[in-house]
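Student: For reference, the structure I am asking about is given below.
The values are calculated or read from the model by the stated rules, or taken from the named source; none is laboratory data. Please read these numbers as outputs of a predicted model, since none were measured by experiment. When we count neighbours, we look across all protein chains shown, and the Cβ atoms used for this are built from the backbone with ideal geometry, even at glycine. The protein model used for the area step is the full one, side chains on, heavy atoms only, and it has no ligands, DNA or RNA in it. Shrake-Rupley method; radii C 1.70, N 1.55, O 1.52, S 1.80 Å.
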Amino acid sequence: MRIHCKVVAIAVCFGVFLLLYFFWGNATDEPPLKEVAKEKHFQSFSHIEDIAPANEAKQTNEEPQKPPKLIRKEPKLSGRGGGGNVIAKTRQKSEVGRPGSKVTQAEDVMHLAVVACGNRLDETLNMVKSALLFSIKKIKFHIFAEEDLAKQFEKGFSQWPQPVSSRFHYSIYPITFSVGNADEWKKLFKPCAAQRLFLPVILKDVDSLLYVDTDVLFLRPMDDIWKFLKAFNSTQLAAMAPEHEIPKIGWYSRFARHPFYGVTGVNSGVMLMNLTRIRSTLFRNSMIASGLSWENLLHPLYQKYKNHITWGDQDLLNIIFHYNPECLYIFPCQWNYRPDHCMYGSNCKAAEEEGVSILHGNRGVYHDDKQPAFRVVYDAIREYPFEENLFQSLFYPLQTKFLDTVNTLCGRIPQVFLKQIEKTMRAVYEKKVVRRVRLPHE
């Protein structure tokens, strides 16, 4: 009997101990479990809200964007260096912030400049459209244009859907030159092309900038070329692609009557610049031993070489970086892919392997039948309706039309033109699908 009583007493004590442990453990663990559930619920909605601005956050190696949003209006810019008033058109911006962090323009806005004169309105609008289709961060466009084009740009942008307009803002500037004869600069090579030389002087409040010609199309996010700024070493302040890959068929290596960069020279149709460094650097040259600032160098350099240059401002840039090679970063040819890379046989290996990142349709190939592969891409982007399915309304029509170009010089390797844009659209599509199907309780 005593043994039974002892067994019962031990069992009762053990049961009480288990009950106390159970209740004490649950009381300790419950709050963290609730917090985790709340955090997951909060994050799921943030992904749905941020589909448009952050459609490829993983590709940029950035910290994932989080929910709080700031609505801010960018101050209007004023013209500097060249005289004349700036026609500034500023759109209201929606900035995506991160909990516990400050949102700054330097972090969230990329700057892109273009110069448009004459009949370049449609080309420029198509370039802007291509940049907006795939880019992740917001973009500030600096458009330098003749006065009669300014209102046409405003009208063109006003016709775009509000979700697209909310992802960028722009300023329109008159064509101005701070030194020398304005008429002479304006007629150098192509109308207004020399304006790009004066960007560091005019855009004094901008730290870094991507300049592109009007006949450029982005086939992947602008964010990706923007990353090259972080690859600059301590002396580099600009980045361009080589003019040609093969010296024996390159223009500069065969015909130039002036100094040029490297073996084949560089092409200035796509030019990434750290404007702050450019403004603070004294450049070596063949005229003054002590070096000259960028603004003070331009006019005497032009006066010295004006009878020896063929490609205008691009030749002047080649001369500058011939004497200052340590200042230039060279990115691969896929970032400035031109007809020269395929019309004499395929000579851009990076584009063959990874596809074209930025298409540069110089030689007027978007508007004639000399290289239809370029025109097919241009027309596909121009005809794409904003906010439609990228694959159904852009890639599949492009792929179908490209079949008609496979027997041409530049169309015979379709993957050069199609590989990167397909990869980019797939990434955008997958991001949207994943975020839309994510459930709040996950």
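Student: Being farther than 17 Å from Ala193 by Cβ, touching a Phe, Trp or Tyr at 6+ places or on another chain (Cβ under 8 Å), of a type in the set (Lys, Arg) and open to solvent by 30 Å² or more (accessible area, probe 1.4 Å) narrows it down to one of Arg254, Arg279, so name that one.
Tutor: Arg279
Student: Looking at this structure, is Gln303 assigned to a helix (DSSP H, G or I) and surrounded by fewer than 16 Cβ atoms within 10 Å (Cβ to Cβ)?
Tutor: When the stated conditions are applied, Gln303 passes them.
Student: Tell me yes or no: at least one residue of the stretch 199-216 is over 16 Å from His142 (Cβ atoms) and either in contact with a helix residue (DSSP H, G or I) (Cβ under 6 Å, 6 or more places away or on another chain) or among the polar types (S, T, N, Q) (or both).
Tutor: yes
Student: Within the stretch 216-236, can you find the residues that are in a loop (DSSP other than H, G, I, E, B), open to solvent by 10 Å² or more (accessible area, probe 1.4 Å) and in contact with a strand residue (DSSP E or B) (Cβ under 7 Å, 6 or more places away or on another chain)?
Tutor: Phe232, Gln236
Student: Moving on to the next point. With the requirement that a residue be closer than 20 Å to Phe395 by Cβ and of a type in the set (S, T, N, Q), what does the stretch 330-382 give you?
Tutor: Gln334, Ser357
Student: Among the listed residues Ala351, Ala380, which satisfies the condition of being farther than 21 Å from Met271 by Cβ and modelled with pLDDT of 95 or more?
Tutor: Ala380
Student: How many of the residues making up the stretch 329-379 are aliphatic (A, V, I, L, M), open to solvent by 10 Å² or more (accessible area, probe 1.4 Å) and either in a loop (DSSP other than H, G, I, E, B) or under 24 Å from Leu210 (Cβ atoms) (or both)?
Tutor: 2
Student: Could I ask something else about it? Would you be able to tell me the number of residues in the stretch 148-202 that are open to solvent by 10 Å² or more (accessible area, probe 1.4 Å) and in a loop (DSSP other than H, G, I, E, B)?
Tutor: Residues that pass the stated criteria total 18.
Student: Does any residue in the stretch 139-165 that is of a type in the set (A, V, I, L, M) come within less than 7 Å, Cβ to Cβ, of a residue that is open to solvent by 20 Å² or more (accessible area, probe 1.4 Å) and assigned to a helix (DSSP H, G or I) six or more places away or on a different chain, and which pairs are these?
Tutor: Matching pairs, first to second residue: Leu149/Leu121.
Student: Which residues, counting only those in the stretch 380-398, are touching a residue at least 60 places away in the same chain (Cβ under 8 Å) and not in a helix (DSSP H, G or I)?
Tutor: Matches in the stretch 380-398: Tyr384, Phe386, Glu387.
Yes/no matrix, rows are residues, columns are (1) on the phi < 0 side of the Ramachandran plot; (2) in contact with a Ser or Thr (Cβ under 7 Å, 6 or more places away or on another chain); (3) small (Gly, Ala, Ser):
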site	(1), (2), (3)
Thr235	yes, no, no
Tyr252	yes, yes, no
His258	yes, no, no
Val270	yes, no, no
Asn285	yes, no, no
Ser290	yes, no, yes
Glu295	yes, yes, no
Pro300	yes, no, no
His308	yes, no, no
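Student: Ile136 is checked against (1) under 24 Å from Gln314 (Cα atoms); (2) in a loop (DSSP other than H, G, I, E, B); (3) modelled with pLDDT under 95; (4) under 24 Å from the mean Cα position of the chain (by Cα) and fails just one. What number does that condition carry?
Tutor: (1)
Student: State yes or no: is Phe177 modelled with pLDDT of 95 or more and hydrophobic (A, V, I, L, M, F, W, C)?
Tutor: no
Student: Filter the stretch 204-215 down to residues that are in contact with a Phe, Trp or Tyr (Cβ under 9 Å, 6 or more places away or on another chain) and not polar (S, T, N, Q) and give me whichever is surrounded by the most Cβ atoms within 10 Å (Cβ to Cβ).
Tutor: In this case the residue turns out to be Val212.
Student: So, in the stretch 410-435, of the ones that are in contact with a Lys or Arg (Cβ under 9 Å, 6 or more places away or on another chain) and under 22 Å from Ala350 (Cα atoms), which residue ends up surrounded by the most Cβ atoms within 10 Å (Cβ to Cβ)?
Tutor: Once the filter is applied, the top-ranked residue is Ile421.
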